[in-house]
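Asks: Can you keep this structure in mind? I'll have questions shortly.
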């Protein structure tokens, strides 16, 4: 690979992962701008234009049919029968064309809605992948899932039927009034105009009352989903501690909040005044038309057409009661999505950073760190130098900062003070993809995906069956895999639930072996493995780790002894470092670890090491 150094921090995208150009970053300042940008993106613009034109033409045909009916009734009343066939054909064309056009626009708008849902879900997922480790550790998975599924789904409903019916409602409000102005006495506009003014005024009040309820609905749904996810994820703990009733009450409390928000929405909708106004408007319009008929200024057919046009106002009145609620829920959902997407990652992917093969030299220079949101330092003034190919064991009491040190290597976190160098290059100046692709991390709590064993071992890369089986044998996993009914094609279940802890760890070790990393981090990775199997794994590890820089977090004496460098940690500081023999003689803290853990006599331990 060619080596490229980043120009400056301004050249970096504020994300850990961005597989493509972010087209919508500039419009995320408001949910409305963001939604409009998606509606008009690429070919969506043509679909929107077609839906708008189709809706306008459909409304024109519907209102035109009302006028045509009035004209036909007047001619038939006057005894004119010559145009009977012509009117029948026109009625058929108008009556059939309008619903067919509505059907076509409905199919088109549904296609647009699905495209919007697909694109926004893709955008949201990419955004989640680009967030830093500290971001994900502060989020509730259930709430994120609610946003990725339900809130995104609401954007689909907003487009179809929401915005489409809203535009159709506007057209069915404007076009009938326009036809009244064109074909009938001008004073007949009084009733529809007064109705429209009152309708718009009450609609504004209605949407204003809906806003907080819509926000509450989306928030309560996210909270309810988060509790459900936490309970099911920790079901073993729930059952083991017999706290089912506690979890049940906790879930029902959130469910009650969600229900109460819906009830409040129902109360607001029940007080929707335009439903009363439309009945009054039709009644007044009919009375006004009859008065003009008595005066000889309107025909019977004109009255029927006029009342028919006013009756068309029923559609925007009835449809608005739930369309605006639907749109308001979608906007609230969009706000929740943007709330996540607009949070900048603390770590950038540094696309123009260094890309080369890692040799393995690691240097910590006066590194101090406190987790985000906390002032308490978990690491303080850490300095060390690790030569390429060395194996470093890190030991210490719980909470001493052992795991935190290793998380800096692949930039899961950046230090608050000091810096970390890999091959004499600050990790911030490495391309994140290049850096992380050459570092493997095996934790005590191994995560496996709900997939086949072979897919878990070769996760993220294309590997042959022979390669997968080779690393499985080296990790001592081949033995139990071959005993499974489907062997390497066996499903492991969610999070590897169908395997034991030791089996999961061996799968994770095989996965790490397959990545051929330049730096390997083992965080108590054999804690669930029996001693005999561990010995065999250790032999394989010594062969595989030759020439690689390795960090071991362990209290197993068998692993610590053969480390080139041992770090002894306490309260976020390195209080001693050196070889096993040297530390036994010079570090009281190091000796205490073995005395307490293995119940060994301190003097006898020293004697054994002479």
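Asks: Rg (Å, one decimal) plus Dmax (Å, integer) for the alpha carbons of the stretch 470-512?
Replies: That works out to 9.5, 25 Å for Rg and Dmax.
Asks: Determine the principal axes of the Cα atoms in the stretch 358-405, then give the extent along each, sorted from largest to smallest and rounded to whole angstroms.
Replies: Reported extents, whole Å, longest axis first: 35, 21, 16.
Asks: Here's something else I'd like to know. Set the Förster radius R0 to 25 Å, insert the Cβ-Cβ distance between residue 23 and residue 145 as r into 1/(1 + (r/R0)^6), and round the FRET efficiency to 0.05.
Replies: 0.50
Asks: Here's a follow-up. With 20 Å as the cut-off, how large is the P(r) tail for the stretch 279-343, expressed as percent of Cα-Cα pairs?
Replies: Result for the distance tail: 54 percent.
Asks: I'd like to compare 206-215, 333-342: which one has the highest average count of other Cβ atoms within 10 Å, and what's the full order after that?
Replies: Top of the packing list down: 333-342, 206-215.
Asks: Express in nm, to one decimal, how much length is gained between residue 256 and residue 36 on full extension, taking 0.36 nm for each residue of separation and deducting their alpha carbon distance.
Replies: Full extension from residue 256 to residue 36 adds 75.8 nm.
Asks: How big is D for the stretch 363-436, in µm² s⁻¹ as a whole number, if Stokes-Einstein is applied with the Kirkwood radius of its Cα pairs at 4 °C and 1.567 mPa s?
Replies: In µm²/s, the coefficient rounds to 100.
Asks: Ok, one more. Note the listed values (i) 51; (ii) 57; (iii) 42, then indicate which one is percent of Cα pairs over 36 Å apart calculated from this particular structure.
Replies: For percent of Cα pairs over 36 Å apart, the calculated option is (ii).
Asks: Here is a further query. What Rg and what Dmax come out for the stretch 382-500 when only alpha-carbon atoms are used, in angstroms?
Replies: That works out to 17.9, 53 Å for Rg and Dmax.
Asks: Which order, highest average first, do 289-299, 151-161, 378-388 follow once you tally other Cβ atoms within 10 Å for each residue and take the mean per peptide?
Replies: Ranking the peptides 289-299, 151-161, 378-388 by packing returns 151-161, 378-388, 289-299.
Asks: Calculate log10 I(q)/I(0) of the stretch 430-485 for q = 0.26, 0.30 Å⁻¹, where I(q) comes from the Debye formula with a single equal point scatterer on each Cα and nothing for solvent.
Replies: -1.27, -1.33
Asks: Here's another thing I want to ask about it. Please report, in whole Å³, the volume per residue of the convex hull around the C-alpha atoms of the stretch 296-415.
Replies: Cα convex hull per residue, to the nearest whole number: 242 Å³.
Asks: Something else now. Just to verify a number: FRET efficiency for residue 383 and residue 314, C-beta to C-beta distance, R0 = 56 Å, to 0.05?
Replies: For residue 383 and residue 314, the calculated efficiency is 0.10.
Asks: To continue, here is another question. So what is the relative contact order of the stretch 29-341, in percent, for Cα pairs below 8 Å that sit 6 or more residues apart?
Replies: This gives 32 percent for the stretch 29-341.
Asks: Something else: Contact order normalised by length for the stretch 269-376, with contacts defined as Cα pairs under 8 Å and 6 or more residues apart; what percent is it?
Replies: Once divided by the residue count of the stretch 269-376, the mean separation gives 24 percent.
Asks: Which value in Å does the Kirkwood hydrodynamic radius of the stretch 221-349 take, with 1/r averaged over all unlike C-alpha pairs and then inverted?
Replies: 20.2
Asks: Report the Cα-based extents of the stretch 29-341 along its three principal axes, largest first, to the nearest Å.
Replies: 88, 40, 33 Å, listed from the longest principal axis down.
Asks: In addition: Within the chain, what percent of beta bridges assigned by DSSP are antiparallel, to the nearest 5?
Replies: Close to 50 percent.
Asks: Residue 92 to residue 237: extension gain in nm, 0.36 nm per residue of separation minus the Cα-Cα distance?
Replies: Residue separation times 0.36 nm, minus the Cα-Cα distance, leaves 45.4 nm.
Asks: Provide, as a two-decimal number, the C-alpha radius of gyration of the stretch 444-516 over 2.2 N^0.38 Å, N being how many residues it has.
Replies: It is 0.94.
Asks: Continuing with the same structure: Pairs of alpha-carbon atoms within less than 8 angstrom and 6+ residues apart define the contacts here; what relative contact order does the stretch 444-516 have, in percent?
Replies: 52
Asks: Using the per-residue mean of other Cβ atoms lying within 10 Å as a proxy for protection, in what order, highest first, do the peptides 228-236, 139-147 fall?
Replies: Ranking, from highest mean packing down: 139-147, 228-236.
Asks: Starting from the 7 Å offset along Cα-to-Cβ, what nm value, one decimal, do you get for the label separation of residue 351 and residue 291?
Replies: The two pseudo-label positions are separated by 6.9 nm.
Asks: Take the Cα gyration tensor of the stretch 123-260, multiply each eigenvalue by 5, square-root it, and list the three semi-axes largest first, rounded to whole angstrom.
Replies: 48, 19, 11
Asks: Quickly work out the residue 50-to-residue 564 label distance, labels modelled 7 Å from Cα along the C-beta direction, and quote it in nm with one decimal.
Replies: Here the modelled spin labels are 6.5 nm apart.
Asks: Now a separate question. Using only Cα atoms, figure out Rg for the stretch 318-365 and give it as a multiple of 2.2 N^0.38 Å.
Replies: Its radius of gyration relative to the 2.2 N^0.38 Å reference: 2.40.
Every number in this text was worked out from the coordinates using simple rules, so none of it is lab data. Owing to the predicted nature of the structure, the values given are computational and were not obtained by experimental measurement. Cβ sites come from the backbone with ideal geometry, for glycine too, and all protein chains shown count toward neighbours.
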